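Here is the structure we will look at, set down as structure tokens.
The values are calculated or read from the model by the stated rules, or taken from the named source; none is laboratory data. On a predicted model such as this, the values are computed, not experimentally measured, just so you know. For neighbour counting, all protein chains shown are included, and Cβ atoms are generated from backbone atoms with ideal geometry for every residue, glycine included. The protein model used for the area step is the full one, side chains on, heavy atoms only, and it has no ligands, DNA or RNA in it. Shrake-Rupley method; radii C 1.70, N 1.55, O 1.52, S 1.80 Å.
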Amino acid sequence: MTAASSRQFLTLFALFMTVAIGAIGFGMAIPLLPSYARAFDIQPWQVGLIFALFSVGQAIGEAVWGRMSDKIGRKPVLLMTLGLGVVGYLGMAYAPTYEACLLARVICGVAAGSTGVVQALVIDLSEKDKLTGRLAIISACASVGFVIGPAVGGLLAAPEQGLAGFRICFLLAAGFSALSLALIATLVRPAKTEGAAKAKTKGAAFRISPTALGLILIGVAVMGAFAGVESVFGLWTELRFNWQPRELGTAFAVAGCAGAAVQMLVTARAVRRFGDHKVLITGLVLTALALFLQAAPPSGLAMTALIALASLGLSLAMPTAASLLSREAADGTAGQLMGANMAAAAGARILGPLVAGGVYALIAPQAPFVLGGVMVLGAALLGLGLLRKRIIHASAVTNG
């Protein structure tokens, strides 16, 4: 292994570990937040606000950090976001009031809005034939973190102690962010293309091509559908199967493991064999099918299998969509484009639960799953249109 390849390996290792560690820290907080929020003696809608403000902060972060990373470099931006993460989690640990908790939660969200920057750095470092696989590994690392995090948070929390009973969890999350910061600071080196990209950014005009817009809309539809379904999933499974947190945790753990396995072992190989667009469309169709069937699952075991199927479909579709989107970035604008994509997805995660909650209450408990399936199926049709456009373009180039 040459010195250059060793440096690239260490940089990628640091990025993958940072994603996994960050997901563990974030995942730890998810099962704690309702009880943590109630310790402030607040209303149910105020509990929901704690969740919503994270997504608001994340949308802001994705919009800002990607563009900034094109100008000043990926590493400085990642260090800033991880430092903010430490501040945010410390704020959650010692927030004296509900208002202070909200501020800390926004800071955590802004800090978490760096996924586009991580993707942009992987794009900088990767050859075209390796890009989809590496983006899939990023998603797999996040999936593993989301499986481990909630379990750790549930074990360490002591709700009977009030706010103090959650402090160890948020301090540990701050420690994870600090560990990620140390990894990025010591192991990450700028890609060779980054300096040229920063020079080009000064005069580069940021434009979103029609293909890029289509891929972003696919992400918005999928993220909106899933955020909506997740927000009512506990209510639906409790109503249908009397599921409690243990059953929910088990189901999501199975889904997370299935998704991580597909991302690590299948996605890149499938793209090499069948092509990006076909893998994207197949993943979206599988996801839509799983959501439709979740509206009428015959048993709890079947519901767990359907969650795993949806995770499998997403694991095929989303890394592939990110890889396709990266090819639409003009020189010096990869960070802006990937950041815009993640910001749009974060916005969908804000709106999705609001729409799903209304549909659940006003139409029927299973309606959000049908709506989610329709949204993802629409995304698959959009992907089919992009594939057709690509075939027509390739034919024109060949015949021309």
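Checking Leu381, Leu386 one by one, the residue that is at pLDDT 90 or above, over 22 Å from the mean Cα position of the chain (by Cα) and farther than 30 Å from Arg240 by Cα is Leu381 and no other. Residues that are among the β-branched types (Val, Ile, Thr) and open to solvent by less than 30 Å² (accessible area, probe 1.4 Å) within segment 48-82 comprise Ile50, Val77, Thr81, listed in sequence order. Of the residues screened, Gly153 is not one that is within 28 Å of Arg7 (Cα to Cα), in a helix (DSSP H, G or I) and of a type in the set (Gly, Ala, Ser). Please work out which residue is farthest from Leu301 (Cα to Cα), limiting yourself to segment 245-263 and to residues that are surrounded by fewer than 20 Cβ atoms within 10 Å (Cβ to Cβ) and in contact with a Gly (Cβ under 9 Å, 6 or more places away or on another chain). That would be Pro245. Taken over segment 223-244, the criterion of being open to solvent by 30 Å² or more (accessible area, probe 1.4 Å), within 20 Å of Leu377 (Cα to Cα) and aromatic (Phe, Trp, Tyr) is satisfied by Phe226 alone. Just one of (1) assigned to a helix (DSSP H, G or I); (2) crowded, with 21+ Cβ neighbours inside 10 Å; (3) in contact (Cβ under 8 Å) with a residue 60 or more places away in the chain fails for Ala344. It is (2). The single residue among Pro353, Pro297, Pro319 that is closer than 20 Å to Pro150 by Cβ, in contact (Cβ under 8 Å) with a residue 24 or more places away in the chain and either buried (at least 18 other Cβ atoms within 10 Å of the Cβ) or in contact with a Leu (Cβ under 9 Å, 6 or more places away or on another chain) (or both) turns out to be Pro353. If you check Val118, Val77 for being in contact with a Ser or Thr (Cβ under 6 Å, 6 or more places away or on another chain) and aliphatic (A, V, I, L, M), only one passes: Val77. A single entry from Gly109, Gly91, Gly133 fulfils the requirement of being free of Cβ contacts under 8 Å to residues at least 40 places away in the same chain and part of a helix (DSSP H, G or I): Gly91.
For first residues located in segment 158-175 and in contact (Cβ under 8 Å) with a residue 12 or more places away in the chain and charged (D, E, K, R), partners that are open to solvent by less than 20 Å² (accessible area, probe 1.4 Å) and assigned to a helix (DSSP H, G or I) and lie 6+ apart or on another chain with Cβ distances below 6 Å form the pairs Arg167/Ala93.
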